[in-house]
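Asker: Pasting a structure below so you can have a look.
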Amino acid sequence: MENPLVLNRPYELSVPTPPSGMGLQKRQFDCEFVHGTSSVRLLVNGFVKQDNLGVIRYSLPQEGKWSYVVRGDWADQPLSTGTVTCVSTSDTRYPIEVTSAKVRPLFTKNREPFFMSTYECNWLFALWMSDEQEAKRFLDVIKNHRFNAICMNVYAHACSWTEPVTPGRLVPPPLFNWGGSNDNPDFQTMNSEFYARFDALMDYLYHLDIVAHLYFYVWNKGNKYPAAGSPEERGYISHIVRRYQAYPNIIWDYCKEAYLRLDKEHIRHMLELIRNEDAYKRLLTVHDDKLIQYDESFDHLLDFHTMQIHHDYFSKTLREIEKRKKPVFTAEYTYEAGADLLDRTFQDSHSYEEYMLASWEIALAGSPVCYYYTYTAWDVIRTADVPRGYAGFEFLARFFDSFDWWNYSAVPESNTMVRTIIACAKHVEKPQFVLLTDKHGRFGLLVDMDRFRAEGEWIDIYTGERRVMQPGDFTHIYNSEITFAVCPFGERYGKLSHYLARFELKGNLDAT
């Protein structure tokens with residue numbers, strides 16, 4: 001008996017070569033999988049892997065016995081048939097999904113809430129193709145710092161803002177994804193070597209259980225693309241979906257900087273093409289989709305909204321979450337510099353403290369977070385660097401791992417009182433709070449603090465230092481909604497002195 005297949009793991013079926021002189025490039029071939037005891041059916045389209053070698057890359061989303069039939073449009077009879085058994089193991093990976101929940105729609109994984117901490121590395125493909133072992137080491141470091149997703153391009157050519165002589169600049173990338181070069185592309189030909197190497201990268205991300213948030217297009221990195229609406233453009237989209245849809249850790253993103261693609265109807269057609277080609281209905285989004293973000297006719301095509309913002313992080317993120325019936329991913333908002341604010345590749349740069357404060361605001365509003373480091377986000381990759389953001393993002397993500405954040409909702413007006421943010425869980429008898437407050441510690445709380453004691457801790461969001469709350473840390477003005485928090489950390493960071501308080505209100509101190 002053949003070994004069973006692992007649930008959700010990608011596998012391949014080879015497609016018999018068609019008759020001599022009939023190439024696969026413009027042929028249609030697919031495989032239908034049917035589950036033995038349920039109504040689940042999958043029709044998976046194949047792709048040309050190299051020369052005249054066609055494959056069906058698939059994964060099975062349900063345990064049990066499956067039958068399959070491979071067909072090609074050049075043959076009246078099936079090209080091959082068979083049966084396989086699928087089982088779950090300790091090594092099983094699960095797809096990212098969107099699930100309705102009590103407070104708001106969530107990203108989930110294996111039916112569990114999934115706090116996504118994302119790393120932006122647009123030139124990951126180029127690093128991999130330059131030095132695979134170093135790329136693996138780099139990804140292992142990212143994984144160890146609790147990043148569980150990575151935003152990456154299929155291909156990106158060059159950033160206009162980067163100095164050509166910058167050490168670590170991967171321009172031009174080692175391989176081009178089409179025939180020819182970016183300067184003189186042959187869009188009739190897919191570069192089989194490029195995609196073979198990209199396959200290996202996807203396999204390693206699958207092994208690490210890191211989500212691949214994959215951009216088909218990017219409009220400000222010097223890329224050449226087929227003409228809009230051309231057969232070559234449709235062929236490119238179809239090839240990417242057919243090649244990588246079997247990976248459960250994939251998220252499709254039609255375009256980074258989509259606001260630069262001004263044809264709304266063309267975006268619609270491309271989203272429809274991705275949907276139609278994808279047998280698994282993986283999550284689909286568009287980065288910074290200013291043209292379509294409030295157009296309800298696109299709702300059925302997009303699973304979540306991806307945006308970039310550069311100020312008012314809490315209020316803008318929360319406002320978008322409240323407007324939508326699907327998750328919001330604030331994917332771009334600040335960029336950590338190197339040794340100082342002038343140590344950068346991009347003209348915008350931020351200190352570690354600025355970045356972490358923005359990230360905490362976004363996370364407490366209800367969005368996943370995303371990390372940009374100036375020497376890994378774009379076409380310069382310095383893998384030996386260990387910026388402070390690594391530890392900061394790890395602490396943030398592990399903090400959210402430590403409690404039921406999905407039951408908390410942000411208080412919309414809470415940041416109007418001296419930039420204090422309140423997230424409250426009301427599913428328990430005594431309210432539980434996560435509070436992000438500045439050095440003044442003033443906030444609105446509709447509870448008479450004289451009747452309760454706050455049990456919890458203060459946390460320095462920049463270092464992770466914790467202190468147990470003490471009596472007197474909160475004072476409440478009688479018959480007023482104003483509460484003052486006395487944070488023990490003081491003004492360590494000047495105007496960026498913000499601290500976290502996680503606490504529960506307990507007892508009735510006036511019971512006697």
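The values are calculated or read from the model by the stated rules, or taken from the named source; none is laboratory data. None of these values were measured; they are calculated from a predicted model. Please note: Cβ atoms are built from the backbone with ideal geometry, for glycine as well, and neighbour counts cover all protein chains shown.
Asker: What number of residues in segment 41-71 are touching a His at 6+ places or on another chain (Cβ under 9 Å), farther than 17 Å from VAL6 by Cα and surrounded by 20 or more Cβ atoms within 10 Å (Cβ to Cβ)?
Answerer: Of the residues in segment 41-71, 2 are touching a His at 6+ places or on another chain (Cβ under 9 Å), farther than 17 Å from VAL6 by Cα and surrounded by 20 or more Cβ atoms within 10 Å (Cβ to Cβ).
Asker: ASP404: of a type in the set (Asp, Glu) and closer than 30 Å to ARG104 by Cβ, yes or no?
Answerer: On the way: of a type in the set (Asp, Glu): yes; closer than 30 Å to ARG104 by Cβ: yes.
So ASP404 fits the description; yes.
Asker: Within segment 378-386, is there a residue that is within 21 Å of the chain's Cα centre (by Cα), assigned by TED's automatic domain parsing to the domain that holds PRO105, under 20 Å from HIS213 (Cβ atoms) and part of a helix (DSSP H, G or I)?
Answerer: Taking every residue of segment 378-386 in turn, none turns out to be within 21 Å of the chain's Cα centre (by Cα), assigned by TED's automatic domain parsing to the domain that holds PRO105, under 20 Å from HIS213 (Cβ atoms) and part of a helix (DSSP H, G or I).
Asker: Follow-up. Can you pull out the residues in segment 455-473 that are in contact (Cβ under 8 Å) with a residue 60 or more places away in the chain and assigned to a strand (DSSP E or B)?
Answerer: ILE459
Asker: May I ask you to say which residue of LEU283, LEU301 is in the same structural domain as SER181 (by TED's automatic domain parsing) and touching a residue at least 40 places away in the same chain (Cβ under 8 Å)?
Answerer: Numbers: LEU301 fails: touching a residue at least 40 places away in the same chain (Cβ under 8 Å).
Of the residues listed, the single one that is in the same structural domain as SER181 (by TED's automatic domain parsing) and touching a residue at least 40 places away in the same chain (Cβ under 8 Å) is LEU283.
Asker: Please work out which one of (1) among the basic types (Lys, Arg); (2) touching a residue at least 40 places away in the same chain (Cβ under 8 Å); (3) farther than 29 Å from ILE210 by Cβ is the condition ARG57 fails and give its number.
Answerer: (3)
Asker: For SER297, work out the one condition from (1) crowded, with 21+ Cβ neighbours inside 10 Å; (2) among the polar types (S, T, N, Q); (3) touching a Lys or Arg at 6+ places or on another chain (Cβ under 9 Å); (4) not in a loop (DSSP other than H, G, I, E, B) it doesn't fulfil.
Answerer: (1)
Asker: On to the next question. Do the conditions hold for SER38, that is, is it more than 30 Å from PHE403 (Cα to Cα), over 20 Å from the mean Cα position of the chain (by Cα) and assigned to a loop (DSSP other than H, G, I, E, B)? If you could, list the steps in order and put the result at the bottom.
Answerer: Working: more than 30 Å from PHE403 (Cα to Cα): yes; over 20 Å from the mean Cα position of the chain (by Cα): yes; assigned to a loop (DSSP other than H, G, I, E, B): yes.
When the stated conditions are applied, SER38 passes them.
For every residue, the table says whether it meets (1) buried (at least 19 other Cβ atoms within 10 Å of the Cβ); (2) in the same structural domain as TYR499 (by TED's automatic domain parsing); (3) closer than 22 Å to VAL328 by Cα; (4) at pLDDT 90 or above.
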| site | (1), (2), (3), (4) |
| --- | --- |
| VAL418 | no, yes, no, no |
| CYS424 | no, yes, yes, no |
| ILE461 | yes, yes, no, yes |
| GLY464 | no, yes, no, yes |
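Asker: Name the residue, out of ALA156, ALA135, that is part of a loop (DSSP other than H, G, I, E, B), at pLDDT 95 or above, within 23 Å of the chain's Cα centre (by Cα) and surrounded by 21 or more Cβ atoms within 10 Å (Cβ to Cβ).
Answerer: Values: ALA135 fails: part of a loop (DSSP other than H, G, I, E, B).
Of the residues listed, the single one that is part of a loop (DSSP other than H, G, I, E, B), at pLDDT 95 or above, within 23 Å of the chain's Cα centre (by Cα) and surrounded by 21 or more Cβ atoms within 10 Å (Cβ to Cβ) is ALA156.
Asker: Take the conditions at pLDDT below 95 and among the polar types (S, T, N, Q) and apply them to THR89. Does it pass?
Answerer: It is true that THR89 is at pLDDT below 95 and among the polar types (S, T, N, Q).
Asker: Against the condition at pLDDT below 85 and either more than 29 Å from GLU354 (Cβ to Cβ) or surrounded by 15 or more Cβ atoms within 10 Å (Cβ to Cβ) (or both), how does ASP450 come out, does it pass? Full working, then the answer.
Answerer: Working: at pLDDT below 85: yes; either more than 29 Å from GLU354 (Cβ to Cβ) or surrounded by 15 or more Cβ atoms within 10 Å (Cβ to Cβ) (or both): yes.
Spelling it out, ASP450 is indeed at pLDDT below 85 and either more than 29 Å from GLU354 (Cβ to Cβ) or surrounded by 15 or more Cβ atoms within 10 Å (Cβ to Cβ) (or both).
Asker: When you go through (1) at pLDDT below 95; (2) surrounded by 12 or more Cβ atoms within 10 Å (Cβ to Cβ) one by one for LYS26, which number turns out not to apply?
Answerer: Every listed condition holds for LYS26 apart from (2).
Conditions tested, residue by residue: (1) out of contact with any Phe, Trp or Tyr (no Cβ under 7 Å at 6 or more places or on another chain); (2) more than 20 Å from PHE403 (Cα to Cα).
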residue: ASN52; (1), (2): yes, yes
residue: GLU63; (1), (2): yes, yes
residue: VAL84; (1), (2): no, yes
residue: SER88; (1), (2): yes, yes
residue: THR92; (1), (2): yes, yes
residue: PHE114; (1), (2): no, no
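Asker: Another question, then. Answer yes or no: is there a residue in segment 304-316 that is farther than 27 Å from PHE216 by Cβ and among the polar types (S, T, N, Q).
Answerer: yes
Asker: Here's a follow-up. Out of the residues in segment 336-374 that are among the β-branched types (Val, Ile, Thr) and not in a loop (DSSP other than H, G, I, E, B), state the one that is modelled with the highest pLDDT.
Answerer: The residue in question is VAL369.
Asker: Conditions: (1) aliphatic (A, V, I, L, M); (2) buried (at least 24 other Cβ atoms within 10 Å of the Cβ); (3) modelled with pLDDT of 95 or more. VAL386 meets all but one. Number of the miss?
Answerer: So the condition that VAL386 fails would be (2).
Asker: Follow-up question, since we're still on this one. If I ask for residues that are free of Cβ contacts under 8 Å to residues at least 24 places away in the same chain and either assigned to a strand (DSSP E or B) or polar (S, T, N, Q) (or both), which ones from segment 90-132 would you list?
Answerer: Scanning segment 90-132 gives SER90, THR99, SER100, THR108, LYS109, ASN110, GLU112.
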